Amino acid sequence: MTSYSISLAYDTDRRSIWSCLYSFREVLPGLLAMLFIAIFSNNMPGVPNPFTLENLFVYLDNVIGPINGQPFFQIMNSNFVWNPLLLGLLIGNFFGVPDLWKRGLSYIHALMPLGILMLAPHFMIGHAFKLGIVPVLISVGAIFFTATLTLYLSRLFKLDDRQGATLAGALSTGDPHVCAIMMPMTKARGGQVVHSAICVILFGALASMVFPFISHLFNMPEKYAGFAAALGIGNGHQALSAAFGVGYEAGRYAHYFDIGRHVFMPAGFLYVFFIMLVRKLRHPESPNVHATGSIQKVPLYILAFIACWGLTCLHVFKEPTHHQIFNLVIWDFSLAAGALGLSIPFKEITRHGLKGFAVTCLSGMIRLVLLFTVLGLCIKTGLLA
Amino acid sequence: MNRDHHTLDQNGFDYMENSGREEQDRDTVGMVFALILMAVLTVGQYMGLY
Amino acid sequence: MKNRMTGKFVNRLLISVFFVTMSAVVSFSGPLPHGLEPADDMTYLPELGGLRNLALKNQFGQPRALSEAVVLRKSSIKEGVATVPAGGLFYLSETSKDAAPFRRDPFLLLGEHCYLVDLKTKKSVYENVSLKKGDKKLIGDSGYRLWFDYSTDHFEKPYAELALIAPSGAWPIEFPVSTSFPGRDDVKNLKTGSGFVPQLDDFYLDRKYTYGATTFEAEKIDFHDASFKTVEYPEVVEAVFSMHRPVCLDVRQEDYRFYFNKRVYAFRRPEGFLVRVTDFSGETVLAEKLVKPVTAQGYKDRQGVSDDYHLTIPELDMRIELTIQPGLLKHSDFVPWSNDAPYGWEEGTLNFVIYDNLMTLKNGDVWPLDSRYRVGLEANLLTGKLKRVVLENRESFTLSHDHPSYKGPVKYSEIWNRPAFTVVADHFDDETVHTLYLRDSFYQRTDNMVFWEKEGRENIDFFVGKTPALMPILEDTFLTRLADTSFGTVVEPSAFTSYPKVFSDASFIEPDPSAPFVRRLKGLKRKISKNRKKERLLSAEGIVIRGSYVDYKKGKIVIPPAGLYYTSRNARNIRTLAGESFLLMGQKAYLTSFESGTFVQKNFHVDFWKKQNMGDKNPMYWQDVFLGKRNKALRLMENIYLDDRPMADLNLIKYSGNKWGAHFLMAQGFDPEGENRYELPELFAEGATWILPEYIGPNYVRVKEFGTPEIKSIHYTRTKPKRVALGAGGVKKLGKYQLEVRAIDPVLKTVHVVIKDGTGALVKEKVLGPFNETLTAKLPQDMASAHKLQIQFDDVQAELDMLKPFTHGNVGLYLYTEVKELKKDTPYECDPRFTVRPDVCGHCYQFNELLIDNPKAIVLDRKHRVYEGPKNEKGIPLFKIVIDDFDGEMIHGWHIETTSKGVVHESDNLAFNPRNNIDVLVGVNGTIEGFLRTSLQDRLAYQERWRTSARPMALAVDRPGLN
């Protein structure tokens, strides 16, 4: 029986939207697999299990010692998405995935929109305005510019458009997680998602090493070197490591300016999605068009996300709510990432070659140089004090 | 479709396959759960439950 | 006379410079650096994985906060080699109260959780100890030092503040002594009424300071020298730890229990149980002893008594106690290994408690697992029981590029005894080091303790860990450390909850312990001036916001009444008749006179409530007893049992939220003749503050009589007083009046003066003096005596020059004009939105601090972003509060700005990390120093997170994860 016929079978047996949840008996093993992967990967909210991959990494961080004050595994983006994904990858590749789990693992497709939607309270645009108008404009400009540039370069390099879009989303928002967020929107394959994340993380790690040299080359004041790190490198600890490599003030301000990039992240990934959707709708038959797959119109959950984002900006969600919802996001993405990790054979990741990495590096470096140029100009013209 | 043993079970069910009506249902279910959870947490906070 | 807190502050710089020099000399001339602190620029890091910091309970369920640290002191670098003297590197383990036998008190030894099972102590008595001001003098060969911190005066007679410093550098309390005043017991003879009564005639300060197991009896206290008849304090000679949890077995009377391959019998006797240990078969008796069951009475760990309560067999590595109700499953951290209760003993009330893996530590001996280290056992000076264990290097060692590491003491482990830590220093230049870190026994390491790597450091001193001993060790340097501008203004993020704390009135409360501290802001002055005796006086202004909160449901920032205050304070109290000045709204003002008296309250209760129930480091307020209106509040801070007698630790809280420096430690019934091992006064008297308790109970104190100074008003002028010398008949213009000297009596030392108005009519007449010994014995503090030398009318005043009153037939007078009054609880003349609150010294009735605060709540929101602080005579606000970014719930940007010479000066963003209040400390004076002191450890710990922009853990949103 093929999956096509399975899909047909679903349509035949479907009674309501809840049919996609199958029966409890069918999905329980898979759900338990996800649960156990999650609670042994991360210090999940409400679970006091100390034997987690996260704690192992923290221990190793302490053994290695901080780099520019930042923990090594945090620089490598260890977090609640990549830890379970890594554990899932290891289990899937070394022990296989029992058939019994697979129905339950399919919940990943419900968990993704669920998680994306619950991310909305994370991005209150008003918070960025403490930086002032010019930094906000530069932040927004950097996001859209990077997304466009990466999409353009990936076409130039003839990269699979799904991977190009995933890279564009992640690089422009400065957050490898966005690779996972892009997955249901671009219909990227699991291997592409992980490959893209690796590209972005590796680029960030390399860029944070050369960042201090570029900053000194441009003779950038430390405060704005921090700004450049937040926008040009992103990834939290990577930006901090890069900025602290320049100096203490730069590090402090990288932390401060990060909010400018952070709250506009949805703009970045939605922009990429809409571009890819429009492109797909314009060229439905083109053999090079894969991104967004069978999506014909903007999915409802995206619209709901935009609505919730709006409510966030109107300050409907107070901080305690925001924290609680974010705890659920951690649960959601941890479960989903475990299932995603299980689904990917190693060769799926490696077969995408180095083209993606080349695009990431090229795009990232152009962004960085342009950012320094723009910041330099703004400082000269007095737009930035 | 060429799927490997990671995702495809012996009945031909591929857990990473997501299309058609099933995809829409999954999206909707996810969205409904998200909205319910967010609404409950938001209203709960407004009512002073935590 | 000087207030304790402010007193320290003025001398801080000079003293620390003196000590650095002195201690350097001491350390290199041979003796161990016992009792001395690390270098001023030593690195403090709060955390390293292998150094534990946790709270455990003993068998009575009493919590004990245990903490460990590694400290390095008195190191130096020369020619690329760092040298650490013997005793320079030490491991420190500390318990929050103390550890004693028979309580199963937990302790940490190099990361291992163990129990103190036995303790041998002695009382060290040193006679005829004398030292000079500033000295940290070694007492005998004990490693303890007596520190003469500072001296000050009352009625021009000296009293001194001292502390006894343990070899680790920690000390629990500074104590005042004097040999010039009536002792504390003399307050029993006071006959005062209730309410506001005149000043006391005398100043009370005892020559003997008793602190439980510690006693200091002064022989002679002078301004520069102090000598003590006796200094007595407890020393721990030997401590035995069990490195395991004990095995607990229910007693089977007249029968035995198996303990591994041995039998343990219990035979009932009238005086206890005969405990017998035999081999497996019961044939050979290995040991036996009559043992009394241990119960909770405090005296049972006394030397000579404690032997009755245990059977210890060193050769079998066993110690057996009999315990009633060992806390099985109740109030205990653990379930003892206990099998089923025998027939007839279902409750299991009598247990053998068998400890093994006994480790005996002797003070001054080598650490049993590593001969390179020596053991130091430090007692709690109050209770005489174990407070700290120190392991220090016996021999000096060096670190260099070729030998970059030095191993710490070998630790006990169930699996593998190994060095507990390693100090690593590398990348040396001639006189600097560029890499320095500490690695623990799990191979985890700290960050590089050379923060400015390029510049390097000239020593390798550090303190890693979060133990309370840090606070006294940092006494001299904490202010410079917190005021370090190289990290900008440190702003700790708030935790946002649905129920932020709300204060309806901020009187008497401390600001948020995480309130940002702005060391300096132009426009707020900090000046040194001189009085008539040419003594240097430091005056400093500050701004404090306390109790502020965000009402997120209404989108408002609220500063409650008394939540915003301007504070002006000198480094000591401000005296009249001395031409002393203070700062008032950025300008100098001269104190002309003050009105103060004593507030006495009789027959009331002070409740003991466990501290910090609201979690904001301010105790609850309904247990506070307010003494006078907005004067002081009395709190029962702590309750300690000394041999089952409750000891009360009462504290006076000032209106500003500061604690008064002195602790009122009292306990009843410790008759010095009764062979008590503790001694404490039954009442408290220091200066003009006294307490006569009726009853000190475990949950409350009934006070028979309590008295403390209260100030009603002060007079000041902006115009510098002028000295004139007038003969009899001399006339001088005094503002819009004329001052005339009618007669001078050089024998009686009196001066007849009159004040006439513009028409020549006499408006005031007074005979100043007699300026004789009776009068000077009460000067300058006694108000009535001071007034005898002053004539006041309307806005003018003249006073006798105390230093040169009569010369060549003339009288020396100081003339004051444009005198104004600042009366307590009245609107501030230049800005009626604010109220004047002068505060008084608890010792001496002198004007201590000027507060100007808001009587009504201040509300800010997105539309009302600016609030102007109190205005000066020209109508210009001293400062402005400016809210830059507020979303109704989180404050993302706010600052304080001042204007100086037409230029606006802004503070850093005080919500660099989002805040839910605008509490702040601006400037440095005694009040702000007091707040910093109470929040010191948390501030220093956060400063380290701030340094690396470590994610604030308070916010779930900032968990490592989605960026």
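The values are calculated or read from the model by the stated rules, or taken from the named source; none is laboratory data. Nothing here was measured: the structure is a model prediction, and the numbers come from that model. For neighbour counting, all protein chains shown are included, and Cβ atoms are generated from backbone atoms with ideal geometry for every residue, glycine included.
Note down all Cβ pairs under 6 Å where the first residue falls in region C:456-485 and is closer than 23 Å to C:Glu94 by Cβ, the second is in a loop (DSSP other than H, G, I, E, B) and among the aromatic types (Phe, Trp, Tyr), and they're at least six residues apart or on different chains. Going by the 6 Å Cβ cut-off, the qualifying pairs are C:Pro472/C:Trp171. In region C:130-182, of all residues being of a type in the set (Val, Ile, Thr) and over 22 Å from C:Pro234 (Cβ atoms), the one that is modelled with the highest pLDDT corresponds to C:Thr179. The residue that is nearest to the other protein chains (Cβ to nearest Cβ), among those in region A:244-258 that are in contact (Cβ under 8 Å) with a residue 60 or more places away in the chain and buried (at least 23 other Cβ atoms within 10 Å of the Cβ), is A:Gly251.
When region A:307-316 is limited to residues that are part of a helix (DSSP H, G or I) and either among the aromatic types (Phe, Trp, Tyr) or surrounded by 13 or more Cβ atoms within 10 Å (Cβ to Cβ) (or both), the one that is nearest to the other protein chains (Cβ to nearest Cβ) turns out to be A:Cys308.
Take region C:860-913 and flag every residue that is among the β-branched types (Val, Ile, Thr), crowded, with 21+ Cβ neighbours inside 10 Å and away from every other protein chain (no Cβ under 14 Å). Those that are among the β-branched types (Val, Ile, Thr), crowded, with 21+ Cβ neighbours inside 10 Å and away from every other protein chain (no Cβ under 14 Å): C:Ile881, C:Ile896, C:Thr898.
With (1) part of a loop (DSSP other than H, G, I, E, B); (2) loosely packed, with under 15 Cβ neighbours inside 10 Å; (3) within 14 Å of another protein chain (Cβ to nearest Cβ) as the list, and A:Lys347 as the residue in question, which single condition is left unmet? Status for A:Lys347: all satisfied but (1).
Of all the numbered requirements in (1) under 30 Å from C:Val450 (Cα atoms); (2) more than 14 Å from chain C (Cβ to nearest Cβ), A:Gly65 misses one, and that requirement is (2). The set of residues in region A:168-206 being outside any helix (DSSP H, G or I) and either more than 12 Å from the chain's Cα centre (by Cα) or more than 23 Å from A:Pro84 (Cβ to Cβ) (or both) consists of A:Lys187, A:Ala188, A:Arg189.
Which residue is farthest from the other protein chains (Cβ to nearest Cβ), if the candidates are limited to region B:1-23 and must be crowded, with 17+ Cβ neighbours inside 10 Å and part of a helix (DSSP H, G or I)? Once the filter is applied, the top-ranked residue is B:Glu23. Of the residues making up region A:200-228, those that are farther than 18 Å from A:Ala385 by Cα and within 11 Å of chain C (Cβ to nearest Cβ) number 1.
A:Ile330 falls short on exactly one of the conditions (1) buried (at least 22 other Cβ atoms within 10 Å of the Cβ); (2) more than 9 Å from every other protein chain (Cβ to nearest Cβ); (3) out of contact with any helix residue (DSSP H, G or I) (no Cβ under 7 Å at 6 or more places or on another chain); (4) among the β-branched types (Val, Ile, Thr), and that condition is (2). Considering only residues in region A:88-115 that are at the interface with chain B (Cβ under 8 Å from one of its Cβ atoms) and free of Cβ contacts under 8 Å to residues at least 12 places away in the same chain, the one that is nearest to B:Glu22 (Cα to Cα) turns out to be A:Asp99. Screening B:Asp27 with (1) more than 7 Å from chain A (Cβ to nearest Cβ); (2) in contact with a Phe, Trp or Tyr (Cβ under 8 Å, 6 or more places away or on another chain) gives one miss only, at (1). Meeting the requirement of 3 or more residues that are crowded, with 21+ Cβ neighbours inside 10 Å, the strands (runs of 3 or more DSSP E) wholly within region C:510-554 are C:536-545. Just one of (1) in contact with a Leu (Cβ under 9 Å, 6 or more places away or on another chain); (2) over 26 Å from A:Glu249 (Cβ atoms); (3) crowded, with 24+ Cβ neighbours inside 10 Å fails for C:Ser441. It is (3). For region C:375-422, the set of residues classified as under 30 Å from C:Tyr209 (Cβ atoms), of a type in the set (A, V, I, L, M, F, W, C) and outside any strand (DSSP E or B) consists of C:Leu381, C:Leu382, listed by residue number.
Evaluate region C:170-190: report whether one residue or more is assigned to a helix (DSSP H, G or I) and crowded, with 19+ Cβ neighbours inside 10 Å.
Filtering region C:170-190 down to residues assigned to a helix (DSSP H, G or I) leaves C:184-189.
With crowded, with 19+ Cβ neighbours inside 10 Å added as a condition, the list becomes C:184, C:187.
The answer is yes, given that some residue of region C:170-190 is assigned to a helix (DSSP H, G or I) and crowded, with 19+ Cβ neighbours inside 10 Å.
Would it be correct to say that A:Ser286 is among the polar types (S, T, N, Q) and assigned to a helix (DSSP H, G or I)? So A:Ser286 does not fit the description; no.
With region C:832-942 as the region, which strands (runs of 3 or more DSSP E) entirely inside it contain at least 1 residues that are acidic (Asp, Glu)? Walk me through it before giving the result.
Working: elements: C:847-853, C:858-860, C:866-868, C:880-886, C:891-900, C:903-906, C:920-922.
By residue number, C:847-853, C:866-868, C:880-886, C:891-900, C:903-906.
Looking only at region A:116-128, count how many residues are within 17 Å of A:Gly190 (Cβ to Cβ) and either touching a strand residue (DSSP E or B) at 6+ places or on another chain (Cβ under 6 Å) or facing chain B (nearest Cβ under 7 Å) (or both).
Step one: filter region A:116-128 for residues within 17 Å of A:Gly190 (Cβ to Cβ), giving A:116.
With the extra rule that they be either touching a strand residue (DSSP E or B) at 6+ places or on another chain (Cβ under 6 Å) or facing chain B (nearest Cβ under 7 Å) (or both), the set shrinks to none.
Residues that pass the stated criteria total 0.
Would you call C:Phe216 touching a residue at least 60 places away in the same chain (Cβ under 8 Å), buried (at least 20 other Cβ atoms within 10 Å of the Cβ), in contact with a strand residue (DSSP E or B) (Cβ under 6 Å, 6 or more places away or on another chain) and aromatic (Phe, Trp, Tyr)? Steps first, please.
Numbers: touching a residue at least 60 places away in the same chain (Cβ under 8 Å): no; buried (at least 20 other Cβ atoms within 10 Å of the Cβ): yes; in contact with a strand residue (DSSP E or B) (Cβ under 6 Å, 6 or more places away or on another chain): yes; aromatic (Phe, Trp, Tyr): yes.
It is false that C:Phe216 is touching a residue at least 60 places away in the same chain (Cβ under 8 Å), buried (at least 20 other Cβ atoms within 10 Å of the Cβ), in contact with a strand residue (DSSP E or B) (Cβ under 6 Å, 6 or more places away or on another chain) and aromatic (Phe, Trp, Tyr).
Being more than 12 Å from chain C (Cβ to nearest Cβ), in contact (Cβ under 8 Å) with a residue 24 or more places away in the chain and surrounded by fewer than 24 Cβ atoms within 10 Å (Cβ to Cβ) is a property that A:His195 lacks. Determine whether A:Lys297 is outside any helix (DSSP H, G or I) and away from chain C (no Cβ under 14 Å). The answer is yes for A:Lys297. Of the candidates C:Asp118, C:Asp185, C:Asp149, the single residue that is of a type in the set (Asp, Glu) and within 19 Å of the chain's Cα centre (by Cα) is C:Asp149.
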